[in-house]
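Right, one structure below, let's go through it.
The values are calculated or read from the model by the stated rules, or taken from the named source; none is laboratory data. Given the structure is predicted, the values throughout are model-derived calculations rather than measurements. Cβ coordinates were reconstructed from backbone atoms using ideal geometry, including for glycine residues, and neighbour counts include every protein chain displayed. With ligands, DNA and RNA removed, areas are computed over all heavy atoms of the protein, side chains included. Shrake-Rupley method; radii C 1.70, N 1.55, O 1.52, S 1.80 Å.
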Amino acid sequence: MVLTTIDSAAYNAMQAPQGPVHINCAFREPLDHSNQNWSFDCLRGLDRWFRNDEPYTRYLEMKMVSAFGNYSCSVIEVQDIIKKAKQGLLLVGAIHKEDDMWAVALLARQLSWPVAADILSGLRMRKVLNSFPGFDKSILFIDQIDQILLSDSVKSWINPDVIVQIGSRITSKRMEMFLESCFPSSYILIDTHPCRHDPSHVVTHRIQTSVADFAASLCQCNLERKTSRWKDILMVLNSAVSQEIMFHVHAEFSLTEPYVAHVIGEALYGNAAMFVGNSMVIRDLNMFGKGWLDHTTNGGNMMMHNIPDFIGATVSGNRGASGIDGLLSTAIGFAVGSNKHVCCVVGDVSFLHDTNGLSLLNQRAQRKPMTVIVINNHGGAIFSLLPVAKTASPQILQKYFYTSHDISISKLCDAHRQFQMQ
Ligand SMILES: Cc1ncc(C[n+]2csc(CCOP(=O)(O)OP(=O)(O)O)c2C)c(N)n1
């Protein structure tokens, strides 16, 4: 933490506008009087830093140093790291532009590494353009990485030596904890903005550039498409978990949250986008969401141009403090801004936190129709997963944590003259 913080401060102090920087030292967690013994474990992953006099996180620019398309030494060094990687992992966090989704798909093809795509990357809920989902074998999506990491034994086996991360934010807490503990020899973060985003304090190379430029720089390296045990095992694990999920999700005869998350893609079509609410909705979609077959696009023509058999579908959300307020209104703003049919999925308590959004829905100016899906489990189901659910009495839980209610969402929609189905 100290190293990445100092490196970022030093970098910012030397960039325009140059000047002093302020370092905030966060209180340790948990903030109580318990003494924690110092352990050598906290030095894990620092071998490279001890061995040379480079900063832990190096900030690099994608600079060409000649008209012949030659890159600076630092970029060549990154290319070299990628070339030599034996167990590479491409991690795709939140990205919003369709061009970037394309660029990531092309990058994934070049690297031929397993790809872990976050729900907010748009590649998780990718729309499949032909009738053979998964036909594009050149990209190995590990969509079930979150569940795979539930197993300690499997987790200890997953040791990427190089991670390339596109887009800053990762939704899964489990994934973030894994990234903190897996110590790859290089962790390369690509994003266009200069701001720091390294909650796990693991980034060794921070490159401020677009995905497209980064992918273009790798074109020069003639990366070999290697088959490897690493990829094969991840593929088998992913498909085993995916089949298991499919079985359980469809074996239930009731409408469960995982079921909705699993099939919701089928409600999308054409150029539709999705807005996901916080609490369990985004977590469920991140765990159970999957690509969907788009019947409205002519996949046959696209295949001829040797491009992937899928296109990213924009998925947005309000992360940061992950508030449950104003989500419907944000989704409406997103629909206006993106000019797409937006499917907004929120929990019932979140929906009730923003009933004013319903009156905004009535104003149809400047946007396409929206679909709002409320996952109504009559309260904040997320609290049933917290330790408090094991200790507090049911009455206390219902009243103060789940904030259970019997408000009729359908009547609320009627009151706002919104068409609704149950
Ligand atoms: C503005 C705000 N208030 C309170 C919270 C704390 N909080 C997090 S999740 C949650 C419950 C959300 O319930 P719901 O939208 O029904 O989703 P579910 O938990 O059922 O998935 C609450 C109150 C918050 N994140 N933001």
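Just checking the listed ones, 38, 292, 157: in the Gaussian network model of the chain with Cα springs under 10 Å, the one fluctuating most is 38. In the chain, the longest principal axis of the Cα atoms and the axis of helix 98-111 are about 50 degrees apart.
For the chain, the longest principal axis of the C-alpha atoms and the axis of helix 73-84 are separated by about 70°.
Per residue, the average separation of C-alpha pairs within less than 8 Å and at least 6 apart gives segment 236-415 a relative contact order of 20 percent. Protection proxy ranking of 336-349, 211-224, 312-325, by the mean of other Cβ atoms within 10 Å over each peptide's residues and highest first, is 336-349, 312-325, 211-224. Normalising the average separation of contacting C-alpha pairs (under 8 angstrom, six or more residues apart) by the number of residues puts the relative contact order of the chain at 16 percent. A full extension of the chain between residue 388 and residue 36 corresponds to an added length of 124.3 nm, given 0.36 nm per residue minus the alpha carbon distance. Taking the accessible area of the chain, probe 1.4 Å, and keeping the other protein chains in place, the carbon and sulfur fraction comes to 57%. To check you understand DSSP bridge types, tell me what percent of the beta bridges within the chain (both residues inside) are antiparallel, rounded to 5. Rounded to the nearest five, the antiparallel share is 5 percent. Computed with a 1.4 Å probe over protein heavy atoms only, the accessible area of residue 384 comes to about 60 Å². Less than 5 angstrom separates the built amide H of residue 403 from those of 380, all sequence-distant by 5 or more or on a different chain.
Accessible area per residue for the chain is 54 Å², calculated with a 1.4 Å probe on protein heavy atoms, without ligands, DNA or RNA. Here's the picture: a label point sits 7 Å out from the Cα of residue 9 along the beta-carbon direction, and within segment 196-228 the residues with their amide nitrogen under 20 Å of it are 196-206.
Phi angles across segment 405-415 convert, under the Karplus curve 6.51 cos²θ - 1.76 cosθ + 1.60 with θ = phi - 60°, into 3J(HN,Hα) values of 8, 10, 6, 7, 5, 5, 5, 4, 5, 4, 4 Hz, Gly and Pro given as x. Over all directions, the projected convex hull of the C-alpha atoms in the chain averages 25.0 nm² in area.
Based on a Kirkwood Rh over C-alpha pairs, give the Stokes-Einstein translational diffusion coefficient of segment 236-415 at 4 °C and viscosity 1.567 mPa s in µm²/s. In µm²/s, the coefficient is 71.
A straight line joining the Cα centroids of segment 351-422 and segment 144-190 runs 33 Å. Expressed as an acute angle from 0 to 90° and rounded to the nearest 10, what is the orientation of the C-alpha long axis of helix 2-14 relative to the principal long axis of the chain? Compared with the principal axis, the helix lies near 80 degrees. Sorted on the mean count of surrounding Cβ atoms within 10 Å across their residues, most packed first, peptides 13-24, 232-243, 389-400, 183-194 read 183-194, 232-243, 389-400, 13-24. Backbone geometry of segment 217-232 corresponds, through the Karplus equation with coefficients 6.51, -1.76 and 1.60 at θ = phi - 60°, to 3J(HN,Hα) couplings of 5, 6, 4, 5, 7, 6, 5, 7, 8, 9, 8, 8, 5, 3, 6, 4 Hz, x marking Gly and Pro. Straight Cα distances below 17 angstrom link residue 226 to the lysines 83, 84, 86, 137, with same-chain residues fewer than 8 positions distant left out. Within the straight-line cut-off of under 22 Å between alpha carbons, the lysines reachable from residue 173 are 155, 290, 390, sequence neighbours fewer than 8 places apart in one chain being disregarded.
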